[in-house]
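Notes follow once the structure below has been shown.
Just so it is clear, none of the values below were taken in a lab; they were calculated from the coordinates. It should be emphasised that the depicted structure is a prediction, and the values quoted were computed from it without experimental measurement. When we count neighbours, we look across all protein chains shown, and the Cβ atoms used for this are built from the backbone with ideal geometry, even at glycine.
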Amino acid sequence: MKTLFREAVPEDEPVAHDAFHRLSEETRHNRFMAAVNEIPEDILDSLRRPEPERALFLACFRLDDAGREAEPVGAARLVHAGDGTSGDFGIVLADAWQRRGIGARMVRLLIDNARARGLAKLRGHVLATNDGMLGLARFLGFEVADSAEEGSRVKVVTKTLSAP
Ligand SMILES: CC(C)(COP(=O)(O)OP(=O)(O)OC[C@H]1O[C@@H](n2cnc3c(N)ncnc32)[C@H](O)[C@@H]1OP(=O)(O)O)[C@@H](O)C(=O)NCCC(=O)NCCS
């Protein structure tokens, strides 16, 4: 089984909508920390108007035997935070593709990219009940702490990045 990781482009929007609507309720809730029925506007904006200076939108596809993109597997996004030194990330994998090592590969790509951008930290907001993301964060050496704004409902996972 071959997978391809590449930057998302505006032409991916129809595939993104399709993939979103196939996500389970639990996966959507874990990704967006709320019950959402459509891709949130800020994410659509990132897809429609890439801003390479302040964001990376990564997509993963399964390739068929001919090397064509056959199935969307996951998406991950890194956005520069307002403090100028951190990046915030979010990630989602199609339900059937979870727990197969792809999330770890995508977050490692975000870490490498954040480091190359000179960011000092990569940070994610994760529901305290989201064992999958908290497990992945710990697996990749992120620190896990309560969120100052959202109390014990949300955890902040932070990876301090060394220079490239
Ligand atoms: C969270 C998510 C991105 C993890 O990606 P994934 O591809 O499923 O995770 P991986 O297979 O790469 O896991 C790597 C390691 O992380 C840890 N991990 C992953 N899922 C876990 C789980 N459910 N419970 C505990 N640890 C887990 C394990 O240490 C795992 O290694 P192992 O499988 O050898 O034990 C994915 O499950 C997902 O899309 N979930 C729904 C959306 C979401 O929660 N997004 C995060 C909000 S920012």
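Jot down the per residue volume, in cubic angstrom and as a whole number, of the convex hull over the alpha-carbon atoms of the chain.
Roughly 119 Å³ of hull volume per residue.
Determine the gain in length on full extension of the stretch T129-D65; use 0.36 nm per residue of separation and subtract their C-alpha separation, reporting nm with one decimal.
Fully extending the segment from T129 to D65 adds 19.2 nm.
Mind giving me the nanometre distance, one decimal, between the label points for L140 and V9, set 7 Å out from Cα along Cα→Cβ?
Label at L140, label at V9, 2.5 nm between them.
For region 35-50, what does the Karplus curve 6.51 cos²θ - 1.76 cosθ + 1.60, with θ = phi - 60°, yield as ³J(HN,Hα) per residue in whole Hz, taken in order and with x for Gly and Pro?
7, 10, 9, 9, 4, x, 4, 5, 6, 4, 4, 4, 6, 6, 10, x
Hey, what's the Cα Rg ratio for region 1-45 versus the globular rule of thumb, 2.2 N^0.38 Å?
In units of the 2.2 N^0.38 Å rule of thumb, it is 1.27.
Of the DSSP beta bridges with both residues in the chain, give the percent that are antiparallel, rounding to the nearest 5.
90 percent
Taking R0 as 35 Å, what FRET efficiency do you get between M1 and A35 from their Cβ-Cβ distance, rounded to the nearest 0.05?
Working from the Cβ atoms, E equals 0.60.
How big is region 119-164 on each of its three principal axes, counting only the C-alpha atoms and giving the largest first in Å?
34, 22, 10
³J(HN,Hα) across region 102-110 via Karplus (A = 6.51, B = -1.76, C = 1.60, θ = phi - 60°), whole Hz, x for Gly/Pro?
Couplings: 6, x, 4, 5, 5, 5, 4, 5, 5 Hz.
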